[in-house]
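Here the structure is laid out as structure tokens; the discussion comes afterwards.
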Amino acid sequence: VNSRLAPMGTTIFAEMSALAAATGSINLGQGFPDTDGPEEVKQAAAEAVLAGRGNQYPPGPGIPELRTAVAEHQKRFYGLDFDPDSEVLVTAGATEAIAAALLALLEPGDEVVAFEPYYDSYAACIAMAGGVRVPVTLRPPGFRPDLDALRAAVTDRTRLLLLNTPHNPTGMVLTRAESEAVAELARERDLLVVTDEVYEHLTFGAEHIPLATLPGMRERTVTIGSAGKTFSFTGWKIGWVTAPPALVSAVRSAKQFLTYVSGGPFQYAAATALALPDEYFTTLRTDLRRKRDLLTAGLAAAGFEVFRPDGTYFVTTDISGLSEEDGMAFCRALPERCGVVAIPNQVFYDDTAAARSLVRFAFCKKDEVLAEAVQRLGRLH
Ligand code: PMP
Ligand code: GLN
């Protein structure tokens, strides 16, 4: 493997999910629900396969039905108008959208400013694109962005801001004021913004503000969404990009040589899912909020310091009250100790010292699974 990728090692999700399987532990590591999304959406996928819709290469930008459904979703929830033909692109999950955007938009040596911790593909994709990452660290307890530090991180070599709200792994959701400050900086320094909003519907009281809704931002923003997160089908890998035509066209230039297309029948199903009534989205939130409260209360009782998330299906904790070890050692030993798998936040940082004792748990699991996990974690002290 080349020198750009070698430092990235193996993704933590592979390591920890393998450990969960090998030890029969409850997997609160990798973020995926243990309950599939709506029955009618599954049905739509099955029907598409059987009717021969999408079994051969779908169109490069994605099937028109899905591009239209994405545009309608952006209109329904955010009042944003996107032309399905020139301003929407279907990708192989948000992961490919991130990769294609960075590969398409970065010149070698361009700097990318992003809040750390970040989802682990960000660092790898910036590296593969020959870019240079410039992290701005979010710190407990609130993980609120330091806007002065963000401003100071931008140089003449900065090409884009890579954002993620609601934020994995901290659960922080950018406030309107914070989003406006980020937007002001982008306009002032003429930066592009790639914004990963895959957890857009997974918020608990906090309002999700798409960056593209702020003044002057639509024309410089690439917004990324995913059916995996919004509809609980992470195995389908259907994601999408909305952006102005020139940016969509750029992302597509890279995407066409990565996967060309993917998931034909699932694209039909994702179109069905995006048209679900508002009630679906409300229930998703309500259920997840209950799960968050269940797990956070259990973790606190078990001796973890808990940083309660406003969004996503992750909670970050501090293990200092339970262990002297760093998060990595703690997570590697946790399955043996109590049959639970978690993720050490340090893998999401360049400044690993800032996350030495931070550990992430996923709560997108059945209530009884969370209850059992809490009981097991209670044995730690
Ligand atoms: N972005 C973030 C912040 C994520 O947490 C994830 C992983 N679930 C992704 C992107 C990838 O999404 P997908 O599964 O659609 O590729
Ligand atoms: N995004 C998910 C998480 O943070 C997992 C994605 C993956 O396995 N690459 O847990």
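Annotations for the structure displayed:
- Residue match in the stretch 311-318 (condition: away from ligand 2 (no atom under 16 Å from the Cβ) and outside the structural domain of residue 77 (by TED's automatic domain parsing)): yes
- Screening the stretch 152-265 for helices (runs of 4 or more DSSP H) wholly inside it with 1 or more residues that are hydrophobic (A, V, I, L, M, F, W, C) and more than 25 Å from residue 130 (Cβ to Cβ) returns the ranges 176-188, 227-230.
- Scan the stretch 309-331 for residues that are of a type outside the set (D, E, K, R), buried (at least 18 other Cβ atoms within 10 Å of the Cβ) and free of Cβ contacts under 8 Å to residues at least 60 places away in the same chain and the total you get is 7.
- For the criterion of being more than 15 Å from ligand 1 (Cβ to nearest atom) and of a type in the set (Ser, Thr, Tyr), residue 259 fails.
- Residue 252 of a type outside the set (A, V, I, L, M), within 25 Å of residue 211 (Cα to Cα), touching a residue at least 24 places away in the same chain (Cβ under 8 Å) and not assigned by TED's automatic domain parsing to the domain that holds residue 71: no
- Among the residues of the stretch 102-122, the ones that are assigned to a helix (DSSP H, G or I), within 16 Å of ligand 1 (Cβ to nearest atom) and over 17 Å from the mean Cα position of the chain (by Cα) come to 1 in all.
- Taking every residue in the stretch 3-15 that is over 10 Å from residue 120 (Cβ atoms) and pairing it with any residue that is away from ligand 2 (no atom under 14 Å from the Cβ), at least 6 positions away or on another chain, the pairs with Cβ-Cβ distances below 7 Å are 4/127; 4/128; 5/127; 5/128.
- From the list 104, 149, 69, 124, the lone residue that is small (Gly, Ala, Ser) and either touching a strand residue (DSSP E or B) at 6+ places or on another chain (Cβ under 8 Å) or without any contact (Cβ under 8 Å) to a residue 60 or more places away in the chain (or both) is 149.
- Residue check for residue 101: crowded, with 24+ Cβ neighbours inside 10 Å, more than 16 Å from ligand 2 (Cβ to nearest atom) and assigned by TED's automatic domain parsing to the domain that holds residue 203: yes
- Candidate set from the stretch 16-46 (those that are acidic (Asp, Glu) and touching a residue at least 40 places away in the same chain (Cβ under 8 Å)); member that is nearest to ligand 2 (Cβ to nearest atom): 34
Quick grid of which residues meet (1) among the polar types (S, T, N, Q); (2) in contact (Cβ under 8 Å) with a residue 40 or more places away in the chain:
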{"site": "301", "(1), (2)": "no, yes"}
{"site": "307", "(1), (2)": "no, yes"}
{"site": "333", "(1), (2)": "no, no"}
{"site": "337", "(1), (2)": "no, yes"}
{"site": "346", "(1), (2)": "yes, no"}
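- Residues that are within 30 Å of residue 373 (Cα to Cα) number at least 3 in the following helices (runs of 4 or more DSSP H) confined to the stretch 1-101: 12-23, 39-51.
- Residues that are more than 16 Å from ligand 2 (Cβ to nearest atom), crowded, with 24+ Cβ neighbours inside 10 Å, among the hydrophobic types (A, V, I, L, M, F, W, C) and under 27 Å from residue 109 (Cβ atoms) do not occur anywhere in the stretch 142-154.
- Residue in the stretch 183-192 that is within 16 Å of ligand 1 (Cβ to nearest atom) and either over 22 Å from residue 75 (Cα atoms) or surrounded by 17 or more Cβ atoms within 10 Å (Cβ to Cβ) (or both) present: no
- Filter result (of a type in the set (A, V, I, L, M) and surrounded by 24 or more Cβ atoms within 10 Å (Cβ to Cβ)) within the stretch 249-273: 251, 269, 270, 271, 273
The values are calculated or read from the model by the stated rules, or taken from the named source; none is laboratory data. Just so we're clear, the structure is a prediction, and the values are computed from it rather than from any experiment. Using ideal geometry, Cβ is built from the backbone for each residue, glycine included, and neighbour counts are taken over all protein chains shown.
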